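A.B. asks: Just dropping this structure here.
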Amino acid sequence: MRFHIRFASRLAAPSVIILPVLTMLLAVPSARAVAADDILLDQQAIAQLEARAAVANPREQCFLYTELVHHMTEVAAHQMLEGDAEHASATLKRVEHYAQLIHIGLAKDTKRLKNAEMLMHKTTYRLTGFLHAASDEDKATLKATLKQLDTVQEELLDQVFNH
């Protein structure tokens with residue numbers, strides 16, 4: 001009986017429950033602000049990866065560049081979804097640059113080839129999905145980037161089977 005009385009008395013003061021819930025809901029930032037923070041964090045992660053790849057052992061650069069391509073593809077996709085075609089195009093140009101560095105680095109004895117190939121496969125698959133949803137003006141850049149990434153993925157796969 002005591003339990004029921006205590007429970008009922010707690011329900012009698014709804015402001016005790018509602019006030020903290022409302023405070024938390026009002027404190028939650030908007031989705032747009034969170035997305036901007038995510039992009040900022042992605043840009044910082046990309047800058048760190050670029051720095052690591054620049055000074056990395058040549059054997060490790062292939063995988064690091066593949067990670068860069070993956071992260072930059074995600075950023076470009078977000079930029080396209082936000083309608084920022086100019087920045088998305090610039091990001092995709094950087095993706096093409098790093099894809100070229102992967103291509104050049106494949107001649108070296110590389111580590112984690114299989115991981116790089118799987119990540120590149122995931123990246124090209126994701127970029128293909130964005131190709132279908134992209135505007136006509138973005139499709140040309142996306143197609144060029146995707147073509148280069150497909151070539152790099154095939155080369156990575158060949159290297160995996162040759163080792």
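A.B. asks: Show me the ranking of peptides 90-99, 53-62, 130-139 by mean Cβ neighbours inside 10 Å, starting with the highest.
C.D. replies: Packing proxy ranking, top to bottom: 90-99, 53-62, 130-139.
A.B. asks: Check the straight Cα-Cα distances from Lys114 and name the aspartates and glutamates below 17 Å, setting aside those fewer than 8 residues away within the same chain.
C.D. replies: Straight-line reach from Lys114, under 17 Å: Glu60, Glu67, Asp150, Glu154, Glu155, Asp158.
A.B. asks: ³J(HN,Hα) across the range 137-151 via Karplus (A = 6.51, B = -1.76, C = 1.60, θ = phi - 60°), whole Hz, x for Gly/Pro?
C.D. replies: Per residue, the Karplus-derived 3J(HN,Hα) values read 5, 7, 5, 4, 5, 4, 5, 5, 5, 5, 4, 5, 5, 4, 4 Hz.
A.B. asks: How many Å² of accessible area per residue for the range 34-163, probe 1.4 Å?
C.D. replies: 55 Å²
A.B. asks: Residue by residue, what Karplus-based ³J(HN,Hα) values in Hz, rounded to whole numbers, does the range 114-125 have, using 6.51, -1.76 and 1.60 with θ = phi - 60° and x for Gly and Pro?
C.D. replies: 3J(HN,Hα) across the range 114-125, in whole Hz: 4, 4, 5, 5, 5, 5, 5, 4, 4, 5, 5, 5.
A.B. asks: With a Förster radius of 25 Å, plug the Cβ-Cβ distance of Glu137 and Ile104 into 1/(1 + (r/R0)^6) and report the FRET value to the nearest 0.05.
C.D. replies: Details: r = 30 Å, r/R0 = 1.20.
In this case the efficiency is close to 0.25.
A.B. asks: Going toward the positive end of the dipole of the range 44-163, with +1 on Lys and Arg Cβ and -1 on Asp and Glu Cβ, which of Asn115, Val69, Tyr98 do you reach last?
C.D. replies: So the residue we want is Asn115.
The values are calculated or read from the model by the stated rules, or taken from the named source; none is laboratory data. Bear in mind that the values here come from a model prediction, so they are computed numbers and not experimental data. Note that each Cβ is placed from the backbone with ideal geometry, even for glycine, and that neighbours are counted across all protein chains shown. Accessible surface is based on the protein model in full, side chains and every heavy atom, while ligands, DNA and RNA are left aside. Shrake-Rupley method; radii C 1.70, N 1.55, O 1.52, S 1.80 Å.
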